[in-house]
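Enquirer: Dropping a structure here in structure tokens format, bear with me for questions.
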Amino acid sequence: MIDVERLKQRFIKYVQVWSSSKDDVDDRYPSTPQQLAMAALLRDDLAALGLEDVRMDEWGYVTGTLPASPGYEARPTVGFLAHYDTYPGVSGENVKPIVHRYEGGDIVLPDDPTVAILADENPELVRYRGEEIITASGNTLLGADDKAGVAEIFEGLAALMAHPEIPRPTLRIGFTPDEEVGAGTAHFDVKAFGAHVAYTFDGSLLGEVENETFSADGATVRITGRDVHPGYAKGKMLNAVRIAARFVECVPQGLSPEWTEKREGYLHPLKIEGNASNATIAYIVRDFTVEGLERLEAYLEMLAASLQREFPGSKVEVEIKEQYRNMIYHLDKEPRAVEFALEAVRQAGVEPRLESIRGGTDGSRLSAMGLPTPNIFAGGVNFHSKFEWVPVRAMVKAAEVMVHLARLWAERG
Ligand SMILES: [Zn+2]
């Protein structure tokens, strides 16, 4: 049903198109012009495939519709989504994808011999011995996050169109920008998209279905010191730099991302800037539960108060901003979303694994906006790095999962 070569070639085509997003861009959406070029390409390709209502809006959202099979028009409309931007922290320009037949051992990438995908660090690799995997060439990321998802959705569509005997409800497709900078859904019109349920293909390992994400806040610590000439500072100066350093140091290591895993939350100092007068520390706060977030934030508040006492005359304030919430709070309203996902994975011949993501997805926000959107594996490993790789079989299975999901919602939705 799945045309492996067509899927592979489409993936290879898309990863070679530069579409990195960019952090901290306030005056432009999407954050980079190259994303709009990518969006235009996807729009043209969706139209070429024969979808209806193909559209690209001013924000770079590309959408299209595959109409339901005759008789299934009244079934719930299902959305499939993937983001086409790539992580800004590692170059995504001039990506040179390489298809390897993996025969065991480490994979050294040709453009930078110091970049090797080590068998020791990638226990998943052995599952694909004798099979094809795709990597970048050493200088860039690959962009399987999330062009694997984009290519899989295209292949799922092509398979459904080639097999009209497989029933499907109305399918809505969405390709989105700026996911990697946390703004993937900033202008997304859930109502116009018009789906009852949706799936992002943006997870990692074969078989994963993710129904939980972190709950997330940002915390800004603002420190006001008192600057005086250092020659005459004794007993007078309150150095905001020193207070900031002390603040960061006082947060126990055990609460940091470097020391936590699984369902543990953390406080992560992302950025620190300032001078002797003023300093700010930007934290991200993460936990699976809202109660956990509140505990971590209370810790920051407590620390701020204690540093103010330690440096009398200084000011240490904490400002909290909500970012997103664990999608499970919203998915519970449509249990079939996850139920059918697990079943579709099984039907693709893969043992499903229900996972919690130590991060957010576009699905977290979409679910909060009323569109239940669990996340399904796209197959890539080592996201956001030059060590990224994706097994071709995982991409094939993801496309199959999409076909099964369409059928499940048609038959039982
Ligand atoms: Zn992604």
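Enquirer: For the range 215-229, state whether one or more residues are within 16 Å of the ligand (Cβ to nearest atom), under 23 Å from the mean Cα position of the chain (by Cα) and surrounded by 24 or more Cβ atoms within 10 Å (Cβ to Cβ). First the steps, then the outcome.
Expert: Restricting attention to the range 215-229, the residues satisfying the condition of being within 16 Å of the ligand (Cβ to nearest atom) are 216.
Cutting the leftovers down to under 23 Å from the mean Cα position of the chain (by Cα) gives us 216.
Among the residues that remain, those that are also surrounded by 24 or more Cβ atoms within 10 Å (Cβ to Cβ) are: none.
Checking the range 215-229: not a single residue is within 16 Å of the ligand (Cβ to nearest atom), under 23 Å from the mean Cα position of the chain (by Cα) and surrounded by 24 or more Cβ atoms within 10 Å (Cβ to Cβ).
Enquirer: Further question: Is it the case, given these coordinates, that Leu42 is out of contact with any Pro (no Cβ under 7 Å at 6 or more places or on another chain), surrounded by 19 or more Cβ atoms within 10 Å (Cβ to Cβ), closer than 22 Å to Arg168 by Cβ and modelled with pLDDT of 95 or more?
Expert: yes
Enquirer: Which count do you get for residues in the range 162-188 that are over 30 Å from Ala216 (Cβ atoms) and in a helix (DSSP H, G or I)?
Expert: Adding up the residues that qualify gives 1.
Enquirer: Kindly state which helices (runs of 4 or more DSSP H) lie completely within the range 328-406 and contain at least 1 residues that are at pLDDT below 95 and assigned by TED's automatic domain parsing to the domain that holds Lys147.
Expert: On the way: elements: 328-331, 336-347, 362-368.
Here the list reads 328-331, 362-368.
Enquirer: Can you name the residue in the range 192-214 that is assigned to a strand (DSSP E or B) and in contact with a Gly (Cβ under 8 Å, 6 or more places away or on another chain) and is also farthest from the ligand (Cβ to nearest atom) among such residues?
Expert: Residue satisfying both the conditions and the ranking: Val197.
Enquirer: Let me ask another. How many of the residues in the range 82-131 are part of a loop (DSSP other than H, G, I, E, B) and under 30 Å from Thr63 (Cβ atoms)? Lay out the reasoning, then the answer.
Expert: Narrowing the range 82-131 to residues part of a loop (DSSP other than H, G, I, E, B): 84-85, 87-97, 102-106, 109-115, 118-122, 129-131.
If we keep only those that are under 30 Å from Thr63 (Cβ atoms) too, we end up with 84-85, 87-95, 97.
Result for the range 82-131: 12.
Enquirer: Among the residues of the range 214-247, how many are β-branched (Val, Ile, Thr), over 17 Å from Arg295 (Cα atoms) and touching a residue at least 12 places away in the same chain (Cβ under 8 Å)?
Expert: Result for the range 214-247: 4.
Enquirer: Out of all the residues in the range 104-118, is one or more in contact (Cβ under 8 Å) with a residue 40 or more places away in the chain, buried (at least 17 other Cβ atoms within 10 Å of the Cβ) and under 30 Å from His330 (Cα atoms)?
Expert: no
Enquirer: May I pose another question? Inspect all residues belonging to the range 181-193 and state whether any of them is of a type in the set (Lys, Arg) and either in contact with a Phe, Trp or Tyr (Cβ under 6 Å, 6 or more places away or on another chain) or not assigned by TED's automatic domain parsing to the domain that holds Ala406 (or both).
Expert: Within the range 181-193 (the criterion being of a type in the set (Lys, Arg) and either in contact with a Phe, Trp or Tyr (Cβ under 6 Å, 6 or more places away or on another chain) or not assigned by TED's automatic domain parsing to the domain that holds Ala406 (or both)), the answer is no, since none of the residues qualifies.
Enquirer: Tally the residues that are surrounded by 21 or more Cβ atoms within 10 Å (Cβ to Cβ) and not aliphatic (A, V, I, L, M), restricting the search to the range 151-199.
Expert: Residues meeting the conditions: 19.
Enquirer: Among the residues of the range 81-108 satisfying the criterion of being of a type in the set (A, V, I, L, M, F, W, C) and more than 23 Å from Ala399 (Cα to Cα), which is nearest to the ligand (Cβ to nearest atom)?
Expert: Here is the first cut: in the range 81-108, the residues of a type in the set (A, V, I, L, M, F, W, C) are 81-82, 90, 95, 98-99, 107-108.
Restricting the remaining residues to those that are more than 23 Å from Ala399 (Cα to Cα) gives 90, 95, 107-108.
Details: Val90: 13, Val95: 16, Ile107: 22, Val108: 26 Å.
Looking at residues that are of a type in the set (A, V, I, L, M, F, W, C) and more than 23 Å from Ala399 (Cα to Cα), I get Val90.
Enquirer: Given the conditions (1) more than 15 Å from Asp202 (Cα to Cα); (2) touching a residue at least 24 places away in the same chain (Cβ under 8 Å); (3) surrounded by fewer than 20 Cβ atoms within 10 Å (Cβ to Cβ); (4) away from the ligand (no atom under 16 Å from the Cβ), report the number of the one that Ala298 does not fulfil.
Expert: Failed condition: (2).
Enquirer: Would you tally the residues in the range 344-386 being within 16 Å of the ligand (Cβ to nearest atom), of a type in the set (Lys, Arg) and surrounded by 20 or more Cβ atoms within 10 Å (Cβ to Cβ)?
Expert: 1
Enquirer: Working only within the range 132-161, note down all residues that are more than 16 Å from the ligand (Cβ to nearest atom) and in a helix (DSSP H, G or I).
Expert: Residues satisfying the conditions are Phe154, Glu155, Gly156, Leu157, Ala158, Ala159, Leu160, Met161.
Enquirer: Does the range 44-59 include one or more residues that are under 20 Å from the mean Cα position of the chain (by Cα), outside any loop (DSSP other than H, G, I, E, B) and more than 16 Å from the ligand (Cβ to nearest atom)?
Expert: no
Enquirer: Related question: Looking at the structure I just gave you, is Ala233 assigned by TED's automatic domain parsing to the domain that holds Gly379, among the aliphatic types (A, V, I, L, M) and surrounded by fewer than 16 Cβ atoms within 10 Å (Cβ to Cβ)?
Expert: The answer is no for Ala233.
The values are calculated or read from the model by the stated rules, or taken from the named source; none is laboratory data. Model, not experiment: these values are computed from the prediction. Glycine gets a Cβ as well: all are built from the backbone with ideal geometry, and neighbour counts include every protein chain shown.
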